[in-house]
Amino acid sequence: MSKVITLLSAFILLIGCTTSTLPEYEEVVNITTKVNDYWQETHPKHGRAFWDNAAYHTGNIEAYKLTGKKEYLDYSVAWAEHNLWQGAKSTDKANWKYSYGESDEYVLFGDYQICFQVYADLYNIEPDSIKIARAIEVMEYEMSTPQNDYWWWADGLYMVMPVMTKLYKITGNELYLEKLHEYWSYANSIMWDEAEGLYYRDGKYIYPKHKSTNGKKDFWARGNGWVLAAFAKVLSDLPTDNQYRNEYIAHYQQMAESLVRSQQAEGYWTRSILDPEHAPGPETSGTAFFTYGLLWGVNNGYLERSTYLPTIMKAWNYLTQTAMQSDGKIGYVQPIGERAIPGQIVDSNSTANFGVGAFLLAATEMAKQVK
């Protein structure tokens, strides 16, 4: 009998520890609004349809769905119209490229395709074929080619994997799901570390060819954040009977297990996940994407709540008490780059569009948890 009482007490304690610190729903909505209002008020002009701007808008769309604020919807529509509902704008298919590049011939480069996620979301809110015409043209051309090495860097998985499931849902074209798996399999073959359950940013950073300052494997936090968030978005749209679904779930869950083990006591993940001394201190973009990805798993039954909620809450407290400034500015965002850089200054004034987008994804997913 005493053993039963002890187990019951432990269970009650566990439930208390994992739920008592959850924020109130209204608090989460207010935080989301404060952060997004600050960003839009301080950034009234719209930029190009490149990855950094588009990553913000993937978060802004979720903020609109949560709050219903038409200003948020209008902001993304205005950005899409500013870019003519396109990414890179070349019409000469013979010169379309997918190595790194920022000019208009890099139509097949994922950094110019993430905008299609936003256009698809806007189409689903208010259908109009012009919103997705370029997305379909580009992606269906890409799928007609024999190449499968389009996603050669970890970021690219967030940029394009959700595009393919969103367009599948709109068009019903099964080829999107087949090519999604084909391209992901290539990316997996060059970046996935099975032993650690994490992704290298790209082929340059594979151990032991590349090592952290202390000779360890160097897994970039934001790079892995992109991937975890990509899995969450893909699994949200992928048919439950898809033949590749369990493969994606297995990788997603293995990443989640690795992230629980590598979180810092203060709630954030350092820029080099397994070597905190390589580039020490808080970093928001990777932490926010991880928070979003882990919350999505708990909310949708893929991660055990009692195991992951303590990790999530530590991250949430970091995001709202350290990263978020009193005026709604999101700080401690590592600048644009591709790796953890020793000595790089990342402080409360370090902000960026993609970091705000990641924060909005985390906040809107937290709202679903507490509601």
Q. Yes or no: G87 surrounded by 14 or more Cβ atoms within 10 Å (Cβ to Cβ), small (G, A, S), within 20 Å of the chain's Cα centre (by Cα) and part of a helix (DSSP H, G or I)?
A. no
(Q) Given the condition closer than 18 Å to V227 by Cα and either within 21 Å of the chain's Cα centre (by Cα) or in contact (Cβ under 8 Å) with a residue 60 or more places away in the chain (or both), answer yes or no: does some residue in the stretch 322-333 qualify? (A) yes
Q) (1) touching a helix residue (DSSP H, G or I) at 6+ places or on another chain (Cβ under 9 Å); (2) within 20 Å of Q263 (Cβ to Cβ): which one isn't true of V163, the others all being true? A) (2)
Q) If you scan the stretch 101-160, which residues turn out to be more than 19 Å from K233 (Cβ to Cβ), small (G, A, S) and touching a residue at least 40 places away in the same chain (Cβ under 8 Å)? A) A133
Q) Just for the stretch 177-216: of the residues that are in contact with a helix residue (DSSP H, G or I) (Cβ under 6 Å, 6 or more places away or on another chain) and of a type in the set (K, R), which one is nearest to T145 (Cα to Cα)? A) K179
Q) Is there a residue in the stretch 16-28 that is touching a Gly at 6+ places or on another chain (Cβ under 8 Å) and touching a residue at least 12 places away in the same chain (Cβ under 8 Å)? A) no
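Consider G281 carefully, then state whether it is free of Cβ contacts under 8 Å to residues at least 24 places away in the same chain, surrounded by fewer than 21 Cβ atoms within 10 Å (Cβ to Cβ), outside any helix (DSSP H, G or I) and of a type outside the set (A, V, I, L, M, F, W, C). Break it down into steps so the answer makes sense when it comes.
Details: free of Cβ contacts under 8 Å to residues at least 24 places away in the same chain: no; surrounded by fewer than 21 Cβ atoms within 10 Å (Cβ to Cβ): yes; outside any helix (DSSP H, G or I): yes; of a type outside the set (A, V, I, L, M, F, W, C): yes.
Spelling it out, it is not the case that G281 is free of Cβ contacts under 8 Å to residues at least 24 places away in the same chain, surrounded by fewer than 21 Cβ atoms within 10 Å (Cβ to Cβ), outside any helix (DSSP H, G or I) and of a type outside the set (A, V, I, L, M, F, W, C).
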Q: Could you tell me which residue of the stretch 210-255 is farthest from A120 (Cα to Cα), considering only residues that are touching a residue at least 24 places away in the same chain (Cβ under 8 Å), among the polar types (S, T, N, Q) and not in a loop (DSSP other than H, G, I, E, B)?
A: Q254
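All of the numbers you see were taken from the coordinates with simple rules; none came from a lab. Bear in mind that the values here come from a model prediction, so they are computed numbers and not experimental data. Note that each Cβ is placed from the backbone with ideal geometry, even for glycine, and that neighbours are counted across all protein chains shown.
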